[in-house]
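First comes the structure, then the notes that go with it.
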Amino acid sequence: VCPSMPAQPQQEPEVTAADQADINTFSRLNLLFHELEDELKSLKDEMENIKEASNEVMMIMDEDELVKFGVGEVYADVNQTDAQTMLDRVLEGKESEATQVEGRLDEVRDRMKELKARLAAKFGKSINLEEDPDS
């Protein structure tokens, strides 16, 4: 390159319809990723509350004492054993839901990485995709 000649501006690659579709897909997946993260956090908070309730039920000294158990917007008096059984079932359900959400998060993260790699290979640093799904 001769110092007296201006450097040729690097021409950016053309954005094809397929590229635009990938960018749009990445954007939708990014939104879904954040929704799933929020859902997982909510499920983990619920599981923690259920575990705390379970511990409280176990700490009741009098086994004949009834426990108020919330079902929807209604509270029912149940014995400790039934309350513990119901709490265990609810916890198992929440754990199952959390596992499913984690699986979906992994799928979305993998698809986002794939799209990001493909788009970065073509556009380099000239494309700014949302934050990294690993963060």
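The values are calculated or read from the model by the stated rules, or taken from the named source; none is laboratory data. Just so you know, these numbers come straight off a predicted model, no measurement behind them. So basically every Cβ, Gly included, is an ideal-geometry build from the backbone, and we count neighbours across all protein chains shown. Remember, those area values only see protein heavy atoms, side chains included, never the ligands or the DNA or RNA. Shrake-Rupley method; radii C 1.70, N 1.55, O 1.52, S 1.80 Å.
Taking region 108-121 as the range and being charged (D, E, K, R) and touching a residue at least 60 places away in the same chain (Cβ under 8 Å) as the test, the residues that pass are Arg109, Arg111, Lys116, Arg118.
Taking every residue in region 66-80 that is under 20 Å from Glu52 (Cβ atoms) and pairing it with any residue that is of a type in the set (D, E, K, R), at least 6 positions away or on another chain, the pairs with Cβ-Cβ distances below 6 Å are Leu66/Asp77; Tyr75/Lys68; Gln80/Glu63.
Is it the case, given these coordinates, that Asp62 is part of a loop (DSSP other than H, G, I, E, B) and surrounded by fewer than 16 Cβ atoms within 10 Å (Cβ to Cβ)? It is true that Asp62 is part of a loop (DSSP other than H, G, I, E, B) and surrounded by fewer than 16 Cβ atoms within 10 Å (Cβ to Cβ).
When you look at Met58, is it over 29 Å from Ser27 (Cα atoms) and either in contact with a helix residue (DSSP H, G or I) (Cβ under 8 Å, 6 or more places away or on another chain) or modelled with pLDDT of 95 or more (or both), yes or no? So Met58 passes the test. In region 20-47, the residues that are under 25 Å from Ala98 (Cβ atoms) and in a helix (DSSP H, G or I) reach residues that are open to solvent by 70 Å² or more (accessible area, probe 1.4 Å) and at pLDDT below 95 with C-beta atoms within less than 7 angstrom, at least six apart or across chains, in these pairs: Asn30/Glu130. Among the residues of region 35-56, those that are open to solvent by less than 70 Å² (accessible area, probe 1.4 Å) and of a type outside the set (Val, Ile, Thr) comprise Leu36, Glu37, Leu40, Ser42, Leu43, Glu46, Met47, Ala53, Ser54.
Give me the residue from region 85-107 that is within 17 Å of Asn55 (Cα to Cα) and without any contact (Cβ under 8 Å) to a residue 24 or more places away in the chain and, out of that set, most open to solvent (accessible area, probe 1.4 Å). My answer is Arg89.
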